Each structure stands twice: as C-alpha cells, then as structure tokens.
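Note sheet for the following structure.
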Amino acid sequence: MIVLGSTSEVAQAFVEKALQEGEKFEKIYLFTSNKETTERFARHIDVKFLQQSEVIELDLLKEIDYNTFDTIQSNLLFCATGYLGEGTEEGLYDNKNTERIIDINYSKLVPVINYFAQKFESRRFGTIIGLSSVAGDRGRQSNFIYGSAKAAFTAYLSGLRNYLFDKKVHVLTVKPGFMATKMTEGLPLNPKLTATPKQAADCIYKAYKKQKNVAYVLPVWGVIMMVIRNIPEFIFKKLKL
C-alpha cells in the first residue's frame, strides 16, 4: 500500500481500518514531508498490527527523483495530500499562498500519482483513492483558491478513472465535507456536518470495497452540494458562502 500524505489523520485512520479488516500488505510505503511524525505512526502499526512499513520523505515543493521509487510495488494507492492555506479574504492576493495551495493540491501532486498509475496500468490491477473536497464542486468566495485546486483534482481523478477503466485499475474520488482534523482546527464547523477521521476511514473503506466511483464522507454533503451546484448564477454570485 502506498500512502501519500501520511501525516493526515484520515490517511492514518484508513490504514488502521484496512489492517483491522484483515487486509494484507507486504509493506506500507508512507510518503511524507514530516518524517518524525510519520515514523511514530509507522512504529504504532508495527507494534499493533505487526505491519512492516517504510517511511519515505516526499516534499512536493522540491525536485523529485522518481528513480528512488522504482522498487515500490503495490496494488493500492491512498492519496490524502492536501493544503488548505489562507482563506480568500486573507490570502487572495498573496502569490506564495496561492502557488502553495495549487502546487500541493494539484500541480505537483498529479505527476506523482501518474507515476504510480502507470505502474498499476502495466500490471492491469489496482485501486487509486484520492481525497478531493466538496470545495471543488462549485467556486465559493470564502475559499475559491483552494476550491479551484480541488476542482482540478476532482476532474483529474475523473479522467484518470475513465482512462484506466479498461486497464482494470479503479479510481475512487472521495469528497469529505467538514473534517475534524489539524488542518481545520480552530474553524467554526457545524458538528452535525463534521466527520471524524474514523468516520471518514470507515466510509472510504466501504466505498473502496464496493468499488464506488465517488463517495461523500457524510451523505448529507451530497445533498448540500447538489443544491449549491444548482443555484442559478445570478443568485449564487450574491450569496456569502
């Protein structure tokens, strides 16, 4: 199993869920920009599940040597890489903020997934799970820089799913709504619309086993975003969302 964004609470909860369900992995490759935190998680799953893992440093904002990944073989890739950045009001005209959001959520991430997707394609087997966001379903004034990157990522996963279908590789797009994680700590989230990492992991694992194409972590978000997508633009542009 390959995990991109291994410090993510959702990614770690998914790894534990899969192991609890009896999934067998020769090795779990934990890609991370924070080796210290990820090594603690690696030790945790080693003690709890006797699961062998390898922590691999990956900083999307630096040049990547793909040759170092040549020996990695897996049939499952879980991508939880993401960066919220500053909201629109604080960071709209901050180019560094904008570039970092786009790079981490899309432009520097896609080539890494492509690299492993090609390996899956050559073996004609595997699953790619990508965490996108409901923020990508329609641009809203509060976070449209982040939302635009996630919209691009959602479109990428959709196209990749279409491309890999007859190559026997499945792609699952996950759209979490509000999540109680470090990334959203301090934000005023509605508890009824907010999922825990464990809830997310349970939902994603079920969707993975059923080979769903798209999954909202909390079903209510599917309804909410359907309504938001269908508000006429002449009304929508006046709303404070």
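All of the numbers you see were taken from the coordinates with simple rules; none came from a lab. Just so we're clear, the structure is a prediction, and the values are computed from it rather than from any experiment. Counting neighbours? That spans all protein chains shown, and the Cβs are built from the backbone with ideal geometry, glycine included.
For Glu16, what is the net charge nearby, where nearby means another residue's Cβ is under 11 Å from its Cβ and Lys, Arg count +1, Asp, Glu -1?
Working: positive: Lys17, Lys48, Lys198; negative: Glu9, Glu21, Glu23, Asp202.
Net of charged neighbours comes to -1.
To the nearest 10 degrees, how steeply does helix 219-229 sit against the main Cα axis of the chain, on a 0 to 90 scale?
40 degrees
What distance in nm lies between label points placed 7 Å from Cα along the C-beta direction at Asn230 and Arg124?
Each label point is offset 7 Å from its Cα along the Cβ direction, giving 4.2 nm.
Of the chymotrypsin sites (Phe, Trp or Tyr not before Pro) in the stretch 1-108, which ones lie in a loop per DSSP and count no more than 12 other C-beta atoms within 10 Å?
Tyr93
I need Glu63, Glu36 ordered by Cβ neighbour count within 10 Å, fewest first.
Exposure proxy ranking, most exposed first: Glu63, Glu36.
Say the cut-off is 22 Å between C-alpha atoms; which of Lys119/Lys206; Lys35/Lys182; Lys27/Lys150; Lys175/Lys212 go over it?
Cα-Cα > 22 Å for Lys119/Lys206; Lys27/Lys150; rest within.
Taking R0 as 25 Å, what's the FRET efficiency between Glu63 and Asp94 from their Cβ-Cβ distance, rounded to 0.05? Please list the in-between numbers first.
On the way: r = 24 Å, r/R0 = 0.96.
Step by step, r from the Cβ atoms, then E = 0.55.
Could you name the aspartates and glutamates whose alpha carbon sits less than 12 Å from that of Lys198, not counting residues in the same chain fewer than 8 places away?
List returned: Glu9, Glu16.
Taking the Cα atoms only, what angle lies between the long axis of helix 144-164 and the longest principal axis of the chain, rounded to 10 degrees?
Between helix and principal axis, roughly 50 degrees.
Which entry is the computed Cα extents along the principal axes in Å for this structure: (i) 72, 38, 33; (ii) 61, 42, 39; (iii) 53, 36, 34?
Comparing each candidate, only (iii) matches the computed number.
As a check on your grasp of the helix formula, calculate [θ] at 222 nm for the chain: sum -39500 (n - 2.57) over DSSP H runs of n ≥ 4, divide by the residue count, round to the nearest 500.
Working: 9 runs with 102 residues, N = 241.
Calculated mean residue ellipticity at 222 nm is -13000 deg cm²/dmol.
Helix 110-123 sits at what angle to the longest principal axis of the chain, using alpha carbons and giving 0 to 90 degrees rounded to 10?
50 degrees
List the trypsin sites (Lys or Arg not before Pro) in the stretch 1-109 that DSSP assigns to loop (not H, G, I, E or B) and whose Cβ has at most 10 other Cβ atoms within 10 Å. Which are they?
Of the trypsin sites (Lys or Arg not before Pro), the ones in loops of the stretch 1-109 whose Cβ has at most 10 other Cβ atoms within 10 Å are Lys24, Lys62.
Taking only C-alpha pairs under 8 Å that are 6+ residues apart, what is the relative contact order of the chain in percent? All intermediate terms of the calculation are to be shown ahead of the outcome.
Numbers: 375 pairs, mean separation 44.1, N = 241.
Averaging sequence separation for qualifying contacts and normalising by length gives 18 percent for the chain.
For Leu76, what residues show an amide H to amide H distance below 5 Å, using hydrogens built from the backbone and excluding near sequence neighbours?
Answer set, sorted by chain and number: Ile2, Thr127.
Before anything else, pin down the relative contact order of the stretch 39-110: Cα pairs under 8 Å, at least 6 apart, normalised by residue count, whole percent.
27 percent
What whole-number distance in Å separates the alpha-carbon centres of the stretch 42-70 and the stretch 207-228?
One Cα centre to the other: 29 Å.
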